[in-house]
Amino acid sequence: MQTSKKLSLLCLALLLAACAGQPAAEAPVQGTPIEVAGGSYNDVSVAELQTMLENKDFLFINVHIPFEGDIANTDLSIPYDEIADNLDLLPAEKDAKIVLYCRSDRMSRIAAETLIGLGFTNLYNLDGGMVAWEAAGLELQGQ
């Protein structure tokens, strides 16, 4: 019986040692769901967007007009009122992750609603837009 207890403790110690060096997996950013006609998108804060940009797995689109700069790692600039006319620039998969932003977030909300109406299902919007980005002490490119 003593040998069995020792063996069990040894196995437990090995298991704990093996797990000790593993970092906890970071939960993906969810954002705040915004319900609109036909579906929903998620508002993300500046801090949440920064987390998302660390392991970028989305198409990042500036929809503001006129152009007033980009957040680093922006993939495309498409005017919010022309987003439906530029579907050829967007992923064919309607569940592809897309993050939209503009100056204040008014235009990006309109673009998100347009894309939802066209069947897109995995949309994010930078809450407060570039104004919030700059208020957090972060810079824009190409101003």
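Every number here is computed from the coordinates shown, using simple stated rules; none is lab data. The structure displayed is predicted, hence computed values, not measured ones. We place every Cβ from the backbone using ideal geometry, glycine too, and count neighbours over all the protein chains shown.
On a full-extension model of 0.36 nm per residue, what is the gain between Leu87 and Lys56, subtracting their alpha-carbon distance, rounded to one decimal in nm? Don't skip to the answer; put the middle values down first.
On the way: separation 31, 0.36 × 31 = 11.16 nm, distance 2.11 nm.
Once the chain is fully extended between Leu87 and Lys56, it gains 9.0 nm.
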Taking square-rooted eigenvalues a ≥ b ≥ c of the alpha carbon gyration tensor, is the range 32-135 rounded, prolate or oblate, where a/c under 1.5 means rounded and, failing that, a/b exceeding b/c means prolate? rounded
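Based on DSSP, what percent of beta bridges with both residues in the range 32-135 are antiparallel, to the nearest 5?
Antiparallel bridges: around 30 percent, rounded to the nearest 5.
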Which order do the peptides 88-97, 108-117 take when ranked by the mean count of other beta-carbon atoms within 10 Å per residue, highest first? 108-117, 88-97
